[in-house]
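Written below as structure tokens is the structure these notes are about.
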Amino acid sequence: MKNFLPYLLLVINTIAFSQEKMVLDTTDYPKRQAFIKEFENSNLQLIQSLEKSQERKVFKMLKKNMEEFKTDFSKEIKEQNFHFDERLETFLNTILTEFKDKNPEIPKNTKVLLSKNTNLNAYCLPDGTFVINLGLFYWLENEDQIAGVLAHEISHKVLEHSIKTQVHFINDELNQQNKNLVTELKKQKYNKTQKAFQLFKNKLYATGEMRQKHEFEADSLGYLFLKKTKYNKQDYIETLRQIEKYDTITPKGLSEPIYKKIFDLPNQAFKQEWLKMEDFSSYDYSLLKEKMNKDSISSHPEIDARIKKLELLYPELKTSKSNEPNEEFKKLEQIAYYNIIPNLMFSEDYGAAIYICLNRIEKEKEIDLHKKLLGDCFQKVLKARKEYKLNRYLDRIDPKNQSQSYMQFLSFMWNLSLDEIKNIADFYSK
Amino acid sequence: MKKIFALLLLLLNLYSQAQIQDLAEMASGDLVNFQALYDQNDKFYGYFTIYNQGEVNNNFRKFEYIILDKNLNKVSSNTFEGEKKNLTYTAFFDINGDVILAPYLDSSQLSIWGIGKFVFPEYKKIDIKTSKVETYYGKCYENNAFVNCEPNKSWRESKKDIKAERKAKGYIDESYVSVLKKGKLLVRQYKDYDKYIKDNVIMYFDENEKMIWKYDYNNLADKKNSESISKIDIDDKAFYGIKTIKQNKELTYKLIVLDINTGKVLAENPITGLTNETIQNILYTNNSSDAYKKIYDDKIIIFSQNITGSMVTGYARMIVNKTDFSVDGNVIFYKEDLKSFIPKIDKYGGVESGYYLVSKDIFYLKDGSLAILTEKFKPAGQYSRMKTTDMVYIVTDKDFKVKEVKTLEKEKSKGQYTDYLFSQYLNNDQDVVFFYKDFQKDDESKDKNWILFINTLQNGVFKQEQTIISSKNDKFMIYPYVAKEGYILLREYNEKDKYNQIRLEKLNY
């Protein structure tokens, strides 16, 4: 659900760009192939380097994992989950080059890859590929914050966190004491499940702790890298604040009148019953207790703790001040803005795409464009309903975790009959 | 939603390593039941899931239950210890809104204990307000007071108690308590003289366990003459029962209606139009299940096979009018009434080549009409497996006359009892939808895949839809299951991980 939240809150600068320029390059086959080749080579080199640095047993398992991962990830690239648009690539590569120029310890063979994913997220692959989600361009406010995210990911690579994590798992797997423990547990007649759960929980908590430590380390080193570049240091903290905001909001903002405005059609009058909400009042969700502490198994520490730690280490960060976005960033922000819905459709998140269309129409932004996209989404919904697959692409109501506005939207979508969906789809696809 | 957390994928690969996987599997236990849960008003509530978490000592196992809402969101969960004799539990709501867990026996335990020493395991109760689980003993009525029933005893101990009581009094006192809506209680009590029962009493209590009325009958019973009453419904106005009267071993049956406020007899009307064997069948099914009965505010409809002598010769319907307390029996004979629709049918329901019609579901509609869904079934022979073919859908009018017979053609299925799945009432019980599956060959690809057939009867109009639920090429298999009104649950196992999910899909009626 969260992958479409940002777009509802973001106020796009109203600089007039032609929409044609906003379309991302999709004739990217040669670039994709070239990237796969480069990615496979860098993974091969990494495996070769690990042979020298790791024990034989560990290396054998590491190699197997890396090769499996390489195959899976290459498949992801082949399936067009990434953008190879020159404008965005150039922008990201310029930032990466600035980091490399000012910080010689950053490996030269590192590279960026732009994901179509609309979440506010980025990650570092073991070979030094930094995957940047297009979502960063909607949610973050300027070039300096993108640099902040990249600085953090670069640090993960420099500190080899990915390899260290894998080695940790492999050592855990190979540890004779652990093996004996599991074997003995299997033989136990009584309380096997409870003991296994405790052991499993301990392992997850320990992994969580290790990965949270990695995050703190990457935050700290990231700042040192950033400090040497031209980017605004104060925005480093702002980046974390934007992530915090993103993590805590739920989709909201769609008001009831928009449904009547959009779905009262010449050949199909709006029905008030479409807005009827499902009743969940007989359930008491407060009784549910999670078996594990979410914070303890989370890979990332609380943002607040990360900010506090950075401010403690680097007091100059206490006074954060965000830069204004430059013209180039504004252009890319627009590109991202126009590609949210196509990308959500690409990832088959039709429900989210419709929610955003409605939100933008409500805010009177490119109404014709968004009505056309609405029609395209409803055609997909129609097909899915006919095939009994809609719940793949449209959430169910979850009262404990969804806002009233989002539940209203889901109720509306699920209340529509097949014929009603067809009429909406046909009307807006005209 | 699509998530491409490559790093996460990498870590998942690591988690899939043998040791961690072993631990994860051991920690979760074995899934031993997943079932739909209906509330005390028979409305769809959600789902009940239970895991066996292994033995905690020589006598007990630990179980973990999870209750999900109608949209598959978690509502509550807890662990409890249950007897080792149980493989699992099935859950149902009691009239007070608590979830009762009925034990499902591990039959091997019966032979370990021996029949004489075996004590049937206890029921459990989940307090829906706190999630806590406790042993459930139910209510008993002893010495003119309600008490918690005693823990179960072994067959040998029970037999000893019965012997002692019969020796002391010449009979044993039996009583059964039914908890009714709004906390009301109904007690049925009698003396068991071994060869016959006598001195029956029906007692009705308010929610404070204060007796409102009692109805005594069968006080002059002997071996040849006796009376018994079987409850078929109780509502805000009356108690409705079928009274069996045995006079010199001859049986007659009446509908008896008692005023709910006074216990006075409002009506005692003979049941006509049905054979004694059919009424006995109705009594037998009524006592064991509500599946063949539909209760409305103004009527009760009971369905049965029609039995002539000892043979099944068709279908029967008993309808009780709650306004004037009249009772009618109607019959459909296979041969006489279905011949014009199914030319090959014989008088015992045989249709062709050893196949005969087996009822799979009954759909009751408010005007008293009903539809009988049957399937052509051939039992296993000495050298052949059981087989099923077409579904046959018989629609009657409100007078139980056959209005329409629809044959829903289906491929021959071998070795399985049925292709029928389940049904659901729609639109305030006005309409119905039922589901079955069929393993069909695709005309183009020539591959055989399972197809789900979705059949709706809405405003008397039959409509059928179909959707593919398995594919060898696309590597998926979908298992349908019941869901909230207007929806179906589809559990999909797909080679593509993102489609590997449990879905709730809205029906297109």
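Name, by its number, the condition in (1) within 14 Å of chain B (Cβ to nearest Cβ); (2) touching a helix residue (DSSP H, G or I) at 6+ places or on another chain (Cβ under 8 Å); (3) loosely packed, with under 14 Cβ neighbours inside 10 Å; (4) not aliphatic (A, V, I, L, M) that does not hold for A:His214.
Result: A:His214 fails condition (3) only.
Hey, among the residues in the stretch A:101-128 that are surrounded by 16 or more Cβ atoms within 10 Å (Cβ to Cβ) and more than 16 Å from the chain's Cα centre (by Cα), which one's nearest to B:Lys498 (Cα to Cα)?
This residue is A:Pro126.
Yes/no matrix, rows are residues, columns are (1) surrounded by 17 or more Cβ atoms within 10 Å (Cβ to Cβ); (2) over 28 Å from B:Lys74 (Cβ atoms); (3) at pLDDT 95 or above; (4) more than 14 Å from every other protein chain (Cβ to nearest Cβ):
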{"site": "A:Lys245", "(1), (2), (3), (4)": "no, no, no, yes"}
{"site": "A:Ile249", "(1), (2), (3), (4)": "no, no, no, yes"}
{"site": "A:Ile262", "(1), (2), (3), (4)": "yes, yes, yes, yes"}
{"site": "A:Phe280", "(1), (2), (3), (4)": "yes, no, yes, no"}
{"site": "A:Asn293", "(1), (2), (3), (4)": "no, no, no, yes"}
{"site": "A:Pro301", "(1), (2), (3), (4)": "yes, no, no, yes"}
{"site": "A:Asp304", "(1), (2), (3), (4)": "no, no, no, yes"}
{"site": "A:Tyr337", "(1), (2), (3), (4)": "yes, yes, no, yes"}
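For B:Ile451, are the conditions met, namely being under 17 Å from B:Met391 (Cα atoms) and without any contact (Cβ under 8 Å) to a residue 24 or more places away in the chain?
Here the answer is yes, as B:Ile451 does meet what is asked.
Please enumerate the residues belonging to the stretch B:457-476 that are without any contact (Cβ under 8 Å) to a residue 24 or more places away in the chain and part of a strand (DSSP E or B).
Across the stretch B:457-476, the qualifying residues are B:Val461, B:Gln466, B:Thr467, B:Ile468, B:Ser470, B:Phe476.
Of all residues in the stretch B:74-109, which are of a type in the set (Lys, Arg) and surrounded by fewer than 15 Cβ atoms within 10 Å (Cβ to Cβ)?
none
Considering only the stretch B:38-48, state which residues are more than 9 Å from chain A (Cβ to nearest Cβ) and buried (at least 19 other Cβ atoms within 10 Å of the Cβ).
Across the stretch B:38-48, the qualifying residues are B:Tyr47, B:Phe48.
A quick yes/no check of all residues on (1) over 30 Å from B:Asn330 (Cα atoms); (2) more than 26 Å from the chain's Cα centre (by Cα):
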{"position": "B:Lys184", "(1), (2)": "yes, no"}
{"position": "B:Asp192", "(1), (2)": "yes, yes"}
{"position": "B:Val201", "(1), (2)": "yes, yes"}
{"position": "B:Lys210", "(1), (2)": "yes, yes"}
{"position": "B:Asp216", "(1), (2)": "yes, yes"}
{"position": "B:Ile245", "(1), (2)": "no, yes"}
{"position": "B:Leu255", "(1), (2)": "no, no"}
{"position": "B:Asn269", "(1), (2)": "no, yes"}
{"position": "B:Asn286", "(1), (2)": "no, no"}
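Which condition from (1) part of a strand (DSSP E or B); (2) in contact with a helix residue (DSSP H, G or I) (Cβ under 9 Å, 6 or more places away or on another chain); (3) not aromatic (Phe, Trp, Tyr) is the one that B:Ile454 breaks?
Among (1) part of a strand (DSSP E or B); (2) in contact with a helix residue (DSSP H, G or I) (Cβ under 9 Å, 6 or more places away or on another chain); (3) not aromatic (Phe, Trp, Tyr), the lone unmet condition for B:Ile454 is (2).
Taking the stretch A:284-309 as the region of interest, how many residues are more than 30 Å from B:Gly97 (Cα to Cα), assigned to a helix (DSSP H, G or I) and of a type in the set (S, T, N, Q)?
1
Here are some residues: B:Asp429, B:Asp438. Which one is in a loop (DSSP other than H, G, I, E, B), within 26 Å of B:Ser359 (Cα to Cα) and either touching a strand residue (DSSP E or B) at 6+ places or on another chain (Cβ under 8 Å) or modelled with pLDDT under 95 (or both)?
Matching residue, one of B:Asp429, B:Asp438: B:Asp429.
How many residues does the stretch A:272-292 contain that are free of Cβ contacts under 8 Å to residues at least 60 places away in the same chain and out of contact with any strand residue (DSSP E or B) (no Cβ under 8 Å at 6 or more places or on another chain)?
Within the stretch A:272-292, residues that are free of Cβ contacts under 8 Å to residues at least 60 places away in the same chain and out of contact with any strand residue (DSSP E or B) (no Cβ under 8 Å at 6 or more places or on another chain) number 5.
Taking the stated definitions as given, is A:Phe197 crowded, with 17+ Cβ neighbours inside 10 Å and within 11 Å of another protein chain (Cβ to nearest Cβ)?
yes
Can you list the strands (runs of 3 or more DSSP E) lying wholly within the stretch B:27-105 that have 3 or more residues being of a type outside the set (A, V, I, L, M) and under 27 Å from A:Val182 (Cβ atoms)?
Correct list: B:44-55, B:60-69, B:74-83.
Which of the residues belonging to the stretch A:111-131 are free of Cβ contacts under 8 Å to residues at least 60 places away in the same chain, touching a helix residue (DSSP H, G or I) at 6+ places or on another chain (Cβ under 6 Å) and of a type in the set (Val, Ile, Thr)?
Once the filter is applied, which keeps residues that are free of Cβ contacts under 8 Å to residues at least 60 places away in the same chain, touching a helix residue (DSSP H, G or I) at 6+ places or on another chain (Cβ under 6 Å) and of a type in the set (Val, Ile, Thr), the stretch A:111-131 yields only A:Val112.
Considering each residue of the stretch A:52-79, count those that are of a type in the set (Asp, Glu) and surrounded by 13 or more Cβ atoms within 10 Å (Cβ to Cβ), and give that number.
Total meeting the criteria: 4.
Just to check your reading of the model, which residue among A:Phe91, A:Phe39 is touching a strand residue (DSSP E or B) at 6+ places or on another chain (Cβ under 9 Å), within 27 Å of A:Ala147 (Cβ to Cβ) and among the aromatic types (Phe, Trp, Tyr)?
Exactly one residue qualifies, and that residue is A:Phe39.
Say we look at the stretch B:484-499 and pick out the residues that are loosely packed, with under 14 Cβ neighbours inside 10 Å and charged (D, E, K, R); which of these is farthest from the other protein chains (Cβ to nearest Cβ)?
Filtering first and then ranking leaves B:Glu495.
Quick one: in the stretch A:160-190, which of the residues that are facing chain B (nearest Cβ under 7 Å) and assigned to a loop (DSSP other than H, G, I, E, B) is modelled with the highest pLDDT?
So the residue we want is A:Tyr190.
Do the conditions hold for B:Lys117, that is, is it at pLDDT 95 or above and either outside any loop (DSSP other than H, G, I, E, B) or touching a strand residue (DSSP E or B) at 6+ places or on another chain (Cβ under 8 Å) (or both)?
When the stated conditions are applied, B:Lys117 does not pass them.
Scanning for something out of contact with any Phe, Trp or Tyr (no Cβ under 6 Å at 6 or more places or on another chain), aliphatic (A, V, I, L, M) and surrounded by 16 or more Cβ atoms within 10 Å (Cβ to Cβ), does the stretch B:110-125 turn up at least one residue?
Looking for residues that are out of contact with any Phe, Trp or Tyr (no Cβ under 6 Å at 6 or more places or on another chain), aliphatic (A, V, I, L, M) and surrounded by 16 or more Cβ atoms within 10 Å (Cβ to Cβ), one finds at least one in the stretch B:110-125, hence yes.
What's the total number of residues in the stretch A:369-406 that are basic (Lys, Arg) and within 14 Å of A:Cys357 (Cβ to Cβ)?
3
For B:Ile282, only one of the following conditions fails: (1) in contact (Cβ under 8 Å) with a residue 40 or more places away in the chain; (2) more than 22 Å from B:Ser175 (Cβ to Cβ); (3) in a strand (DSSP E or B). What is its number?
(3)
Restricting the search to the stretch B:53-63, which residues are under 19 Å from B:Glu134 (Cβ atoms), at the interface with another protein chain (Cβ under 9 Å from one of its Cβ atoms) and crowded, with 20+ Cβ neighbours inside 10 Å?
Of everything in the stretch B:53-63, those that are under 19 Å from B:Glu134 (Cβ atoms), at the interface with another protein chain (Cβ under 9 Å from one of its Cβ atoms) and crowded, with 20+ Cβ neighbours inside 10 Å turn out to be B:Gln53, B:Lys62.
Against the conditions (1) in contact with a Ser or Thr (Cβ under 8 Å, 6 or more places away or on another chain); (2) surrounded by fewer than 13 Cβ atoms within 10 Å (Cβ to Cβ); (3) within 13 Å of another protein chain (Cβ to nearest Cβ), where does B:Ile454 fall short? Just the number, please.
Only one criterion is unmet by B:Ile454, namely (2).
Looking at the stretch A:60-82, I want the residues that are within 11 Å of another protein chain (Cβ to nearest Cβ) and have a partner that is among the aromatic types (Phe, Trp, Tyr) and outside any helix (DSSP H, G or I) with Cβ atoms under 8 Å, at least 6 apart or on another chain. Which pairs are those?
The qualifying pairs are A:Glu76/A:Phe82.
The values are calculated or read from the model by the stated rules, or taken from the named source; none is laboratory data. Values in this document were obtained by computation on a predicted structure and should not be read as measured data. Positions of Cβ are backbone-derived with ideal geometry, glycine not excepted, and every protein chain shown enters the neighbour counts.
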